[in-house]
Amino acid sequence: QVQVVESGGGLVQAGDSLRLSCAVSGLSFSRYAMGWFRQAPGKEHEFVAAIGRDLVTYYTDSVTDRCTISRDNAKNTVILQMDSLKPEDTAVYYCAARANTMTLTTRDYAYWGQGNQVTVSS
């Protein structure tokens with residue numbers, strides 16, 4: 001059984017940093033691309049960042065200078081480091097896994113975590 005578990009969210013102030021972690025089990029982690037998505041109240045899921053099996057990374061424009069995604073295949077984890085947080089970053093953040101290649105599309109990812117709330121106050 002595949003499990004995807006996020007941690008590290010919380011309430012922070014604008015300008016603060018936050019580190020989201022995602023632990024994955026039940027699949028061959030190194031063979032999967034990993035993505036972070038978020039959903040703000042009343043909005044659709046939005047792509048945030050992804051990292052491929054080859055460690056190539058991609059970010060949405062709104063976070064490209066403020067976020068870093070990384071993975072540790074030995075620990076089956078993926079990290080999203082977020083700096084200079086803004087109130088508009090407030091959302092539930094989801095970690096997701098996709099076999100083989102990285103994409104930016106929500107529906108391409110087969111395995112999802114339960115989500116982790118990030119709230120940024122102004």
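The values are calculated or read from the model by the stated rules, or taken from the named source; none is laboratory data. Not measured: the values here are computed from a predicted model. Every residue, glycine among them, receives a Cβ derived from its backbone with ideal geometry; neighbour counts consider all protein chains shown. All accessible areas refer to the heavy atoms of the entire protein, side chains included, with ligands and DNA or RNA removed. Shrake-Rupley method; radii C 1.70, N 1.55, O 1.52, S 1.80 Å.
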Inter-site label distance for R66 and S28 at 7 Å from Cα along Cβ, in nm: 3.8
Percent carbon-and-sulfur accessible area, region 1-78, ignoring ligands, DNA and RNA, probe 1.4 Å: 43
Cα centroid of region 67-113 to Cα centroid of region 1-25, whole Å: 9
Long-range HN-HN contacts of G115 with modeled amide H, under 5 Å: E6, C95
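With a cut-off of 8 Å between alpha carbons and a minimum separation of six or more residues, what is the relative contact order of the chain in percent?
Relative contact order of the chain: 36 percent.
Multiply the residue gap between A99 and S17 by 0.36 nm, knock off their C-alpha separation, and tell me the result in nm, one decimal place.
Numbers: separation 82, 0.36 × 82 = 29.52 nm, distance 2.99 nm.
So the chain would gain 26.5 nm between A99 and S17.
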The chain - Rg and Dmax from Cα coordinates, angstrom: 13.3, 40
Listed residues N73, L85, Y58: farthest to the positive end of the dipole of region 51-91 (Cβ charges): N73
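From largest accessible area down, sort Y58, Y109; use a 1.4 Å probe on the protein chains.
Details: Y58 110, Y109 10 Å².
Of Y58, Y109, the descending order of accessible area is Y58, Y109.
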Accessible-area order (highest first, 1.4 angstrom probe) of the listed residues R38, R19: R19, R38
Average accessible area per residue (Å²) across region 1-106 - probe 1.4 Å, nucleic acids and ligands excluded: 50
Local electrostatic count, G26, Cβ distance below 15 Å [Lys/Arg +1, Asp/Glu -1]: +3
5 angstrom amide H check on M102, placed H, neighbours 5+ away: R53
Isolated Cys residues of the chain, judged by Cβ distance under 4.7 Å to other cysteines: C67
